[in-house]
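Trainee: One structure follows; several queries about it will come next.
The values are calculated or read from the model by the stated rules, or taken from the named source; none is laboratory data. Being a predicted model, the structure only gives us computed values, none of them experimental. So basically every Cβ, Gly included, is an ideal-geometry build from the backbone, and we count neighbours across all protein chains shown. Areas reflect the complete protein model, heavy atoms only, side chains present, ligands, DNA and RNA absent. Shrake-Rupley method; radii C 1.70, N 1.55, O 1.52, S 1.80 Å.
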Amino acid sequence: MATTSVLYVQRRDAKTLKSRLEKESLLDKRFRMIPSASDATVVLENSTHHHNDGESDLPTEGSAVDAIASGKCIAVPVKDECIGRFETYIKEYSNTDTSGHGSWKTYAIASGRQLCPFSTSALGNQNHARTSRLVQQTCEGTRTEKSKRNYQTAAKTTNLTNIQCVVVETLVDYFTENTKQSDNTVNQEELASFQAMLETAVSSLSIKACPKKLEVMGDDRTLVVPSTAFLLQEKEPMNEFHQLLINISSQIHNSPDKTDHPTIYKIQENLWKNLASLYQSPRVVRRGDIDPESGVRESGHRILWPLPVSITSASNTSSQCTNHGYIPQSTGPDSSGWIIVTEHKINQSFDLTRVMFSRGNVTEKKRFGLLVQPDEYVLDMYAGIGYYTLPALIHGRARHVTACEWNPNAVFALRHNLKANRVDGRATVLEGDCRLTLRALMANIIDGNHHYFDRISLGLLPSSEGGWPIAIECLNRDKGGWLHVHGNVATTERQQWAHWLCRSLTCISKKNDYSIGWHAVCVHVEKVKSFAPKVDHYVADVFVGPLKSPLLSGKGVEDVNTTGVLHSGVFTATPLDVSAPSCALDTEGVIHQKWMM
């Protein structure tokens, strides 16, 4: 699905409108018609539409906006040319004009934008991600490409970045709309002077307030704005971007009384639209922080634009959401927060306002998938939406993957992704605390079935230490198995962490009768990404089991007889008294984040 331009029509008139639009080549056939959404953005209502003839299926009371928000209308995807004609018709003809009677214009009750599903023809290409991007770019139209070229040209001639040019243009547009003379023209000298002043002011904004570049996310190129960028600070002291808008508004209206919030929030809303045009994005979201102490690690992302009708109709709520963003009331593939991120031919879908997603793990996901062997039973103890579960099934062709997750929103996305990637038949999802669900699972496994798991992913940050005991209990009782342990580790403590990890896992295994003779051997430590200054996200590939296990064949540690770490082809035995690194749990079993600050 993607956000596109639509005309809203009564259900009984949908086929008629579609037929007439098709005859004039105004129908956007890359999308399918769909019932109007509660979070749709209504741009322009049509008071001349022919439901006034007395046969309306709209409510007798309330506006067309209410009918659209309640799902009583149909959204018909149309080309930008159609929207232009519709807007011209509404502006030029009064309610009593009948010159358009019988044309498609009188059937439409409003224009707007909302999420629509791709048509079968648009999705016919097996390379879904590439098709989605091409369709989305095409939907934005020639106007977007022209705007992008204009910004790039302006950037070259003014020494401003593309984003700074968008800010300047947004403010110039506001100046033009509010300083028109009686003949509907603008004083060009004043305009030139104002623009020159703007360029100086905008170029002086810090990177924190006005970044040089922005991130795009997902197959539809959702635009992600940093948490502090273009933010209106409601509390004192006022930040620099907020102060700039106040100064501009005051200068245009020549009165401090005109610096009211609705004015500057409208400027901010137009800025989101223009930035979306520059990046060819269907929506703009503000990045939110993830509480490191939160158990479910939910996303802090919030949607800034477009806002649904239910929010835009409430001025106070609309202003807050334009600045900070909002969370859709519903979730799922039809929600405005739903996004698809395709990596290595794997589709990962989720609600970006409810579930975290790290782009920095993309290489590690593929690496893990390639480590998995076709006949293995794999356990993903912290599955999320399937970050490592899906590569194990698709790239590793694992016999079966058991995926554990306790965030309900992530579980919903995980089940969806397993089915969407057609691997749900080889996966089991355990919802809840994995330390409890796995113990219950093992109690029900018939001895001799598969002797538990060959490979286990412990992809929890900042540490998965709390899950190590149950992970060892879940390993294959005959051969042992592989643990892929993730953690945030001080850069200078990488080797210390690896040795301490091996010593800790070995000690845990000694507590079980069947694994008294087991050892832990780390054969590789992979840096996934930088997490903070002097802190990196690492994953250690550790074998835990009998040292004569066939799983160690070809790993360069066939002759070792004790716990240790293989580094640069050299095996080093782990000391019995290896000291714990900074990232270890405290004596009460709690990990704190202050050491990373």
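Trainee: Could you please find all residues in region 502-529 being touching a residue at least 60 places away in the same chain (Cβ under 8 Å) and under 20 Å from THR363 (Cβ atoms)?
Mentor: Of everything in region 502-529, those that are touching a residue at least 60 places away in the same chain (Cβ under 8 Å) and under 20 Å from THR363 (Cβ atoms) turn out to be GLU526, VAL528, LYS529.
Trainee: Also: Report whether or not LEU7 is open to solvent by 30 Å² or more (accessible area, probe 1.4 Å), modelled with pLDDT of 75 or more and either under 31 Å from the mean Cα position of the chain (by Cα) or not basic (Lys, Arg) (or both).
Mentor: No; evaluated as a whole, the condition is false for this residue.
Trainee: Considering only region 551-570, how many residues are part of a loop (DSSP other than H, G, I, E, B), closer than 22 Å to LYS510 by Cβ and open to solvent by less than 70 Å² (accessible area, probe 1.4 Å)? If you could, list the steps in order and put the result at the bottom.
Mentor: We begin by selecting, within region 551-570, every residue part of a loop (DSSP other than H, G, I, E, B); these are 553-563, 568-569.
When the remaining residues are screened for being closer than 22 Å to LYS510 by Cβ, the result is 557, 560-563.
With the extra rule that they be open to solvent by less than 70 Å² (accessible area, probe 1.4 Å), the set shrinks to 557, 560, 562-563.
Residues in region 551-570 being part of a loop (DSSP other than H, G, I, E, B), closer than 22 Å to LYS510 by Cβ and open to solvent by less than 70 Å² (accessible area, probe 1.4 Å): 4 in total.
Trainee: Take SER549 and tell me if it is touching a helix residue (DSSP H, G or I) at 6+ places or on another chain (Cβ under 7 Å) and touching a residue at least 24 places away in the same chain (Cβ under 8 Å).
Mentor: On the way: touching a helix residue (DSSP H, G or I) at 6+ places or on another chain (Cβ under 7 Å): no; touching a residue at least 24 places away in the same chain (Cβ under 8 Å): yes.
For SER549, the condition - touching a helix residue (DSSP H, G or I) at 6+ places or on another chain (Cβ under 7 Å) and touching a residue at least 24 places away in the same chain (Cβ under 8 Å) - is not met.
Trainee: Okay, moving on. Which residues, counting only those in region 402-423, are open to solvent by 20 Å² or more (accessible area, probe 1.4 Å) and under 22 Å from CYS474 (Cα atoms)?
Mentor: First pass over region 402-423, keeping only residues open to solvent by 20 Å² or more (accessible area, probe 1.4 Å): 405-406, 408-409, 412, 415-416, 419-422.
Scanning region 402-423 gives GLU405, TRP406.
Trainee: Answer yes or no as to whether GLY71 is open to solvent by less than 30 Å² (accessible area, probe 1.4 Å) and at pLDDT below 80.
Mentor: Details: open to solvent by less than 30 Å² (accessible area, probe 1.4 Å): yes; at pLDDT below 80: no.
Taking the combined requirement at face value, the residue does not satisfy it.
Trainee: Among the polar types (S, T, N, Q), touching a Leu at 6+ places or on another chain (Cβ under 9 Å) and either loosely packed, with under 15 Cβ neighbours inside 10 Å or over 18 Å from TYR387 (Cα atoms) (or both), is that true of ASN476?
Mentor: Values: among the polar types (S, T, N, Q): yes; touching a Leu at 6+ places or on another chain (Cβ under 9 Å): yes; either loosely packed, with under 15 Cβ neighbours inside 10 Å or over 18 Å from TYR387 (Cα atoms) (or both): yes.
Yes.
Trainee: A further question on this structure: Within region 192-216, can you find the residues that are within 20 Å of THR322 (Cα to Cα), in a loop (DSSP other than H, G, I, E, B) and touching a helix residue (DSSP H, G or I) at 6+ places or on another chain (Cβ under 8 Å)? Full working, then the answer.
Mentor: Looking only at region 192-216, we keep the residues that are within 20 Å of THR322 (Cα to Cα), and these are 208-211, 214-216.
When the remaining residues are screened for being in a loop (DSSP other than H, G, I, E, B), the result is 208-211, 214.
Residues satisfying the conditions are ALA209, CYS210, PRO211, LEU214.
Trainee: While we're on this one: Of the residues GLY569, GLY554, only one is within 21 Å of ASP454 (Cα to Cα) and free of Cβ contacts under 8 Å to residues at least 40 places away in the same chain; which?
Mentor: Working: GLY569 fails: within 21 Å of ASP454 (Cα to Cα).
Only one candidate qualifies: GLY554.
Trainee: Looking at region 459-473, which of the residues that are of a type in the set (Gly, Ala, Ser) and open to solvent by 10 Å² or more (accessible area, probe 1.4 Å) is nearest to ALA443 (Cα to Cα)?
Mentor: Within region 459-473, the match that is nearest to ALA443 (Cα to Cα) is GLY466.
Trainee: Go through region 338-382 and count every residue that is surrounded by fewer than 20 Cβ atoms within 10 Å (Cβ to Cβ), closer than 25 Å to PHE543 by Cβ and of a type in the set (A, V, I, L, M, F, W, C).
Mentor: Selection size over region 338-382: 2.
Trainee: Does any residue of region 339-353 turn out to be assigned to a strand (DSSP E or B), of a type in the set (Phe, Trp, Tyr) and in contact with a helix residue (DSSP H, G or I) (Cβ under 6 Å, 6 or more places away or on another chain)? Quick ask: steps written out before the conclusion?
Mentor: Initially, region 339-353 is screened for residues assigned to a strand (DSSP E or B), giving 339-343, 346-351.
Those left that are additionally of a type in the set (Phe, Trp, Tyr): 350.
Adding the requirement that they be in contact with a helix residue (DSSP H, G or I) (Cβ under 6 Å, 6 or more places away or on another chain) leaves 350.
Yes, because at least one residue in region 339-353 is assigned to a strand (DSSP E or B), of a type in the set (Phe, Trp, Tyr) and in contact with a helix residue (DSSP H, G or I) (Cβ under 6 Å, 6 or more places away or on another chain).
Trainee: Out of curiosity, is ASN316 assigned to a helix (DSSP H, G or I) and at pLDDT below 85? Full working, then the answer.
Mentor: Numbers: assigned to a helix (DSSP H, G or I): yes; at pLDDT below 85: yes.
For ASN316, the condition - assigned to a helix (DSSP H, G or I) and at pLDDT below 85 - is met.
Trainee: Looking at LEU44, LEU58, which is the one that is of a type in the set (A, V, I, L, M) and modelled with pLDDT under 70? Before you say what the answer is, go through the steps one by one.
Mentor: Numbers: LEU44 fails: modelled with pLDDT under 70.
LEU58 is the lone residue from the list that is of a type in the set (A, V, I, L, M) and modelled with pLDDT under 70.
Trainee: Name every residue in region 571-597 that is outside any loop (DSSP other than H, G, I, E, B) and modelled with pLDDT of 85 or more, in order of residue number. Please lay out each step first, then the result.
Mentor: Initially, region 571-597 is screened for residues outside any loop (DSSP other than H, G, I, E, B), giving 571-573, 594-596.
Within region 571-597, PHE571, THR572, ALA573 meet the criteria.
Trainee: Quick check: anything in region 536-544 out of contact with any Asp or Glu (no Cβ under 9 Å at 6 or more places or on another chain), farther than 18 Å from VAL372 by Cβ and in contact (Cβ under 8 Å) with a residue 24 or more places away in the chain?
Mentor: Yes.
Trainee: In this structure, is SER206 more than 24 Å from VAL284 (Cβ to Cβ) and open to solvent by less than 90 Å² (accessible area, probe 1.4 Å)? Quick ask: steps written out before the conclusion?
Mentor: On the way: more than 24 Å from VAL284 (Cβ to Cβ): no; open to solvent by less than 90 Å² (accessible area, probe 1.4 Å): yes.
No: the conditions fail for SER206.
Trainee: Inside region 515-542, can you point out the residues that are closer than 30 Å to ALA490 by Cα, modelled with pLDDT under 90 and either touching a Pro at 6+ places or on another chain (Cβ under 6 Å) or surrounded by 15 or more Cβ atoms within 10 Å (Cβ to Cβ) (or both)?
Mentor: Scanning region 515-542 gives a single hit, PHE531.
Trainee: Scan ASP219, ASP183 and give me the residue that is in a loop (DSSP other than H, G, I, E, B), charged (D, E, K, R) and open to solvent by less than 20 Å² (accessible area, probe 1.4 Å).
Mentor: Details: ASP183 fails: open to solvent by less than 20 Å² (accessible area, probe 1.4 Å).
Only one candidate passes the filter, namely ASP219.
Trainee: Can you find even one residue in region 491-514 that is assigned to a strand (DSSP E or B), modelled with pLDDT under 95 and open to solvent by 10 Å² or more (accessible area, probe 1.4 Å)? Walk me through it before giving the result.
Mentor: Within region 491-514, the first condition is being assigned to a strand (DSSP E or B), and the residues that meet it are none.
Checked region 491-514: no residue is assigned to a strand (DSSP E or B), modelled with pLDDT under 95 and open to solvent by 10 Å² or more (accessible area, probe 1.4 Å).
Trainee: Test LEU430 against the stated conditions and say whether it is assigned to a helix (DSSP H, G or I) and either open to solvent by 40 Å² or more (accessible area, probe 1.4 Å) or modelled with pLDDT of 95 or more (or both). Spell out how you get there, then give the answer.
Mentor: Values: assigned to a helix (DSSP H, G or I): no; either open to solvent by 40 Å² or more (accessible area, probe 1.4 Å) or modelled with pLDDT of 95 or more (or both): yes.
No: the conditions fail for LEU430.
Trainee: Can you tell me which of (1) open to solvent by less than 30 Å² (accessible area, probe 1.4 Å); (2) at pLDDT below 90 is the one GLY545 doesn't meet?
Mentor: The one condition GLY545 does not meet is (2).
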